[in-house]
Amino acid sequence: MPFGFYIIMAAQFFSALADNALLIVAISALRDMQAPPAYEPLLKTFFTVSYVVLAAFVGAFADSMPKWRVMFISNAIKIIGCGLMFFSVHPLFAYAIVGLGAAAYSPAKYGILTEYLPHRLLVVANGWIEGLTVGAIILGVVVGGTLIQPAFAQHLLAFDLPLVDSGIDTISEMSLGVVGVFYLLASIFNLYVPDTGVDHKVLHKNPVYLVREFAHCLVLLWRDRLGQVSLAVTTLFWGAGATLQFIVIKWAEEALNLDLSQSSMLQGVVAIGVAIGAVAAAKTITLRKSLKVIPLGIAMGLIVLVMNFVQDMWLVIPLLIAVGAVSGYFVVPMNALLQHRGHILMGAGHSIAVQNFNENLSILVMTGLYFLMVEAELSIYSVITLFALFVSASMLLVKRRHEANQRAYDDVIHLDDTGH
């Protein structure tokens with residue numbers, strides 16, 4: 001891989017690290033405020049709403065200037081959101097601002113891969129970026145869980161620089177200050193992301209035109225036989241993954257009697273599995289063979305179902321690693337295939353914006369359903385059962401759709417060969 005690729009990875013790592021540490025800090029802030037438990041999944045809802053509402057604009061924005069500049073501007077918006085939480089703005093609103101920055105950041109961070117690298121390296125590059133992002137998730141939730149531990153936080157609060165009054169007096173302020181440093185590190189790396197030299201489209205100032213253009217791209221990708229299958233898989237995966245974050249926290253508290261700091265660490269265990277699966281996929285799956293991994297999506301749902309029967313930590317760790325490994329192994333090739341098809345059909349930025357729209361609409365729907373289940377006071381075991389069966393059934397439908405597409409394609413080839 002060229003050196004610039006590692007700069008892109010470093011920028012992505014610190015930005016994702018801060019996002020995930022901030023989620024745990026924000027959950028802690030809601031609990032300190034004695035907010036209703038159902039507010040916690042709403043953090044993800046508020047974070048992802050920008051991906052959906054602004055989907056028609058962020059792709060065009062990402063394609064209108066060098067990707068490093070888009071990443072830098074987007075990261076600055078994240079810093080503003082983190083700063084708002086520091087100054088006691090409600091965590092839901094502040095995290096929504098961070099989500100606004102993330103929505104603009106995503107088309108650039110993925111789009112630059114298709115501009116900077118040949119398509120033969122896309123699966124490997126996606127293995128890297130997913131593995132490193134998962135590493136950031138692991139470290140992010142661990143850092144977030146550690147920062148909110150009173151004993152550790154008091155040690156940091158007791159540390160003072162000579163002749164400097166930081167104005168940081170509470171655990172929450174200290175935690176947010178540390179998260180802000182990670183965002184600043186990401187911004188520094190953004191400045192050194194290489195300019196790929198790809199021509200950029202002038203950003204159209206008519207919002208109606210941008211919405212129509214986005215709608216055209218959306219239909220184009222869903223009609224493409226390869227694009228629709230990979231888009232369906234990644235859409236389901238990210239919705240399920242976001243919901244699973246909150247399910248794991250609640251399950252760990254009720255089934256394993258862990259507190260927020262400890263249960264957040266189990267998210268890191270799932271992420272370790274995703275990293276293992278992502279690396280394995282990068283080494284063993286080519287772009288041409290990417291669709292062969294679809295059955296693993298069905299398996300992921302069935303493995304999650306086993307959580308209902310596990311209460312011993314020595315079984316919990318391998319189970320959560322298995323959930324992560326299976327999901328990482330099947331989502332990395334799907335991501336690469338989707339980026340490749342999108343780049344061919346409409347350009348990198350627009351393609352990633354369409355992908356983000358669908359994936360984050362899925363997150364909004366699935367975390368919204370989880371919110372309703374919490375409000376209805378369903379047991380966590382009922383939630384896990386419904387979640388697991390939904391994932392497996394949905395992936396089975398995707399598998400059948402792909403098989404139907406293949407049969408239709410084979411019929412066309414057969415007709416061409418026979419001359420009829």
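Listing for the model above:
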| quantity | calculated |
| --- | --- |
| Cβ-Cβ under 8 Å pairs, at least 6 apart or on other chains, region 200-214 side more than 10 Å from residue 56 (Cα to Cα) and surrounded by 10 or more Cβ atoms within 10 Å (Cβ to Cβ), far side at pLDDT 60 or above and not hydrophobic (A, V, I, L, M, F, W, C) | 200/63; 200/64; 200/66; 201/63; 201/64; 201/347; 203/64; 204/213 |
| Matching option when the condition is surrounded by 24 or more Cβ atoms within 10 Å (Cβ to Cβ) and at pLDDT 85 or above, among 109, 78 | 78 |
| Residue 143 of a type in the set (A, V, I, L, M), at pLDDT 85 or above, in a helix (DSSP H, G or I) and surrounded by 20 or more Cβ atoms within 10 Å (Cβ to Cβ) | yes |
| Every residue from region 302-327 that is farther than 14 Å from residue 388 by Cβ and not β-branched (Val, Ile, Thr) | 311, 312, 313, 314, 315, 318, 324, 325 |
| Qualifying residue in region 351-361 (condition: small (Gly, Ala, Ser), part of a helix (DSSP H, G or I) and more than 17 Å from the chain's Cα centre (by Cα)) | no |
| Condition met for residue 97 (closer than 30 Å to residue 215 by Cβ, surrounded by fewer than 21 Cβ atoms within 10 Å (Cβ to Cβ) and without any contact (Cβ under 8 Å) to a residue 40 or more places away in the chain) | no |
| Residue satisfying all of: in region 288-312; modelled with pLDDT under 80 and aliphatic (A, V, I, L, M); farthest from residue 252 (Cα to Cα) among these | 291 |
| Positions within region 17-50 being surrounded by fewer than 18 Cβ atoms within 10 Å (Cβ to Cβ) and of a type outside the set (D, E, K, R), in sequence order | 33, 34, 35, 36, 37, 38 |
| Qualifying residue in region 37-56 (condition: at pLDDT below 90, among the charged types (D, E, K, R) and outside any helix (DSSP H, G or I)) | no |
| Single residue of region 154-206 satisfying the filter (at pLDDT below 70 and assigned to a helix (DSSP H, G or I)) that is nearest to the chain's Cα centre (by Cα) | 157 |
| The listed residue being at pLDDT below 75 and surrounded by 15 or more Cβ atoms within 10 Å (Cβ to Cβ), out of 276, 247, 285 | 285 |
| Condition met for residue 53 (surrounded by 23 or more Cβ atoms within 10 Å (Cβ to Cβ) and closer than 29 Å to residue 111 by Cα) | no |
| Qualifying residues in region 294-322 (those that are surrounded by fewer than 24 Cβ atoms within 10 Å (Cβ to Cβ) and among the β-branched types (Val, Ile, Thr)) - the one nearest to residue 220 (Cα to Cα) | 294 |
| Some residue of region 257-270 being of a type outside the set (Asp, Glu) and not in a helix (DSSP H, G or I) | yes |
| Options 372, 397, 364; residue that is of a type in the set (A, V, I, L, M, F, W, C), farther than 25 Å from residue 227 by Cα and modelled with pLDDT of 80 or more | 372 |
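The values are calculated or read from the model by the stated rules, or taken from the named source; none is laboratory data. No experiment lies behind these values; they were computed from the predicted model shown. Heads up, the Cβs are rebuilt from the backbone with ideal geometry, glycines too, and the neighbour counts pull from every protein chain shown.
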